[in-house]
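Chemist: After the structure tokens below, expect a handful of questions from me.
Rule-based calculations on the coordinates, nothing more; no lab input. Because the structure is a prediction, the values reported are computed rather than measured. Glycine gets a Cβ as well: all are built from the backbone with ideal geometry, and neighbour counts include every protein chain shown.
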Amino acid sequence: MVGLFVLNWDITERKRSAEQLKQSYLTLEQRVQERTAQLQSLNDKLSAEVMERRVVESRLLEAKREAERANLSKTKFLAAISHDLLQPLNAAQLYVGSLQEQRMPPTSRKLVRSIDNSLADVESLISMLVDISKLDAGVVKADKQAFDVCDLLDNIADEFERAGENLGLEVRYVRSSSTVYTDSQLLARVVRNLMSNAIKYTSQGRILLGCRHRGDGLSIEVWDTGEGIPEAKQREIFQEFKRLNSVSAGRPDDARSSLGLGLAIVDKISKVLGLQISVRSKPGRGSVFSVTVPYGVMRSAARADAYPSVTDHGVALHGARVWVIDNDQNICEAMKLLLEEWGCKVSTAASLENLQVMHDIHQDPVEMLVMDYHLNDGITGTTVAKAINTGVLKYCRLSS
């Protein structure tokens, strides 16, 4: 007898589980696709932002270069135009200098002095604008060397002691024998501007120029008993054309005014030199401006003066034969007038060729040459002077 076995297996649940698994897979795949699309969209946005930033950076870089070119162009323009502006101005100053040598009543002398001060203000303003432009353009470079600070400060102190005497101020100087390391010419400009600022804002009392030894360098300080500076304005005064009310306008013997550029130049030069300028001041009690300069070491133990100082008696010019070459006729005439007042024998010319008509430049004796730097046809005064001194005219061959 054969048995029959029947197995009945319900797979409904398994089919349902398989369907659910398939549905989960499809859902997961859809989510992956959606997330991939989102990531791709985000990546596209990031790529667009990166490209946009690159374009913006490129434009900013080009704008910066354009600004630098414009700044340099402005500097060159100011340097060129300043020469043309200063030529007639220098001629006027020479004429005024000749006038001051003449006998005249006190009222006329006061008027001439006022004209001279006004011309000096205009010259100072033009020079300062050119200096500001050069410093902003970054064309001023520091030539740092070690030197004795007294070589620099002695001359400045002597200059301002005389200026103080004329204004009824006591200018004192404490000498230092320290050696410092920086650009001597730029540092001299800083100290001169600080001293000039002290005189402008001190109506009475004294001004002191001296040095203090610090751990990080020599502190060159200018003290005054002037009106002082409010704390809120102690940074503002280093900006262009920012100034307090100077006392110089109230002096009957000083018609010059503050131009508001001296301390701005100090600030910009100090950045070129990498020096720190500081100011301490209280209204009504005066101010102290200081600049700290790194110490230096002289290469040689011998410290003989490279430039011997000129004695107070000066150089006797009476009877000296002087040749003046300048392509501005007013300058020639004014210079001749002034030098002849000093007893010189003067010949003026617009060029080397004009001078050769009057003199044998190889044989005729001459004690002094006064040359304008910019002559006609691209020739410079130094080239002409070299030709006269060496007797080699090929250096000054003019274009036909």
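Chemist: Quick one: Debye curve from the C-alpha atoms of segment 21-139, no solvent, what's log10 I(q)/I(0) at q = 0.13, 0.20, 0.21, 0.22 Å⁻¹?
Modeler: -0.77, -1.05, -1.09, -1.13
Chemist: Also, quick follow-up: Taking only C-alpha pairs under 8 Å that are 6+ residues apart, what is the relative contact order of segment 141-300 in percent?
Modeler: 28 percent
Chemist: Moving to a separate point now. Exposure proxy check: Tyr201, Tyr95 ranked by fewest other beta carbons within 10 Å?
Modeler: Tyr95, Tyr201
Chemist: If you don't mind, another one. Cα gyration tensor of segment 108-180, axes a ≥ b ≥ c as square roots of the eigenvalues: rounded (a/c below 1.5), prolate (a/b > b/c) or oblate?
Modeler: Oblate shape, in that a/c is at least 1.5 and b/c is the bigger or equal ratio.
Chemist: May I ask for the net charge around Leu218, where only other residues with Cβ less than 13 Å from the Cβ of Leu218 are counted and Lys, Arg are +1 while Asp, Glu are -1?
Modeler: Summing Lys/Arg as +1 and Asp/Glu as -1 gives 0.
Chemist: Lys and Arg at +1, Asp and Glu at -1: add these up for the other residues within a Cβ distance under 13 Å of Leu61 and post the number.
Modeler: Net charge around Leu61: +2.
Chemist: Exposure proxy check: Cys332, Cys211, Cys150 ranked by fewest other beta carbons within 10 Å?
Modeler: Ascending Cβ contact count within 10 Å gives the list Cys150, Cys211, Cys332.
Chemist: Mind running the shape call on segment 321-396? Use the C-alpha gyration tensor, a ≥ b ≥ c as the square roots of the eigenvalues: rounded below 1.5 for a/c, prolate if a/b tops b/c, oblate otherwise.
Modeler: Here segment 321-396 falls in the oblate category.
Chemist: Could you give the size of the charge dipole of segment 321-396 about its Cα centre, using +1 on the Cβ of each K and R and -1 on the Cβ of each D and E, expressed in debye and rounded to the nearest 20?
Modeler: Dipole of segment 321-396, to the nearest 20 debye: 260 debye.
Chemist: What net charge is computed for the residues neighbouring Lys336, neighbours being all others with C-beta under 13 Å from the C-beta of Lys336, Lys and Arg scored +1, Asp and Glu -1?
Modeler: Computed value for this residue: -3.
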